[in-house]
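Before any comments, here is the structure.
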Amino acid sequence: MLVSFAIPAHNEERRLPATIGAIHDAARTLGLSYEIVVADDASTDATARVARNAGATVVSIEARQIAAARNAAAAATSGEVLFFVDADTTVNAQAVGEGLLAIAHGAAGGGAMFRFDGKIPLWATATLALLTCFFRIFRYAGGAFMFARRSAFEAAGGWDQTFYAGEEIALARSLKRHGRFVIIRTRVVTSGRKLRAFEGAELLRMTLAMVLSPRRAVRSRERLPLWYGPRRADPADQDTGAGMAARPP
């Protein structure tokens, strides 16, 4: 069985090596037949070259939309099982293995909880705890790591491109119509750079807009600078740097 890993990426030359390297490690540990496809969405840096050098296939789009990039990456794959991994997220063999086991037991799809790399503000730690409870109760997962049977993903209509944020909840709801949506026990690690780079007041305003007017907020790129605004430097990079050498096949 071929397992496909789909990665959306916009200007991710620094983070991709670690992300792709972790996928190679996990897949090899599990003895998988696998492929990695990166959707390079309107990047102005060396994202495409870095991805190819790390052993991924690259497709290029100019949508500047996370849902569209995920769909483009998925369309270029041929595996029976799809794993969607964000470009700043590192997976592990246990998480991938649990996802495959859930699919083998009949699940339509699922995802994982996550923890942030490095230090994040105290308010962000508290928010993550609340978000984790919400996701577990309602069986949702963050888009940083989700998986699905291809047949269920296609029946669900893929990622809803009317959303610029929150598309992972829309997909989870759609997948639930075609089978169980499983939250695995193992966590993955994703970047906390946005929480370190943005002020709490900025994120509060954005959150309030999404709560008070969700339909307008999540359907407008301009209202979502956290995902679509100019990339801000991660304060943690000044001390530790970013990325690690990938291990292509």
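Bear in mind these aren't lab numbers, they're just calculated from the coordinates by the rules spelled out. Predicted model only: the values in this text are computed from it and were never measured. When we count neighbours, we look across all protein chains shown, and the Cβ atoms used for this are built from the backbone with ideal geometry, even at glycine.
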Please work out the C-alpha center-to-center distance from the range 92-124 to the range 1-55 and express it in whole Å.
17 Å
The range 1-83: GluC sites (Glu not before Pro) in DSSP loop, at most 14 other beta carbons within 10 Å:
Glu62, Glu80
Put in order of increasing Cβ neighbours within 10 Å, starting from the fewest, Met146, Met113, Met1 give Met1, Met113, Met146
Quick numbers on the range 1-117, Rg and Dmax over C-alpha atoms in Å, give 13.4, 42
Expected output is a single nm value to one decimal: the length gained when fully extending between Tyr228 and Ala126, i.e. 0.36 nm times separation in residues minus the C-alpha distance. What is it?
34.3 nm
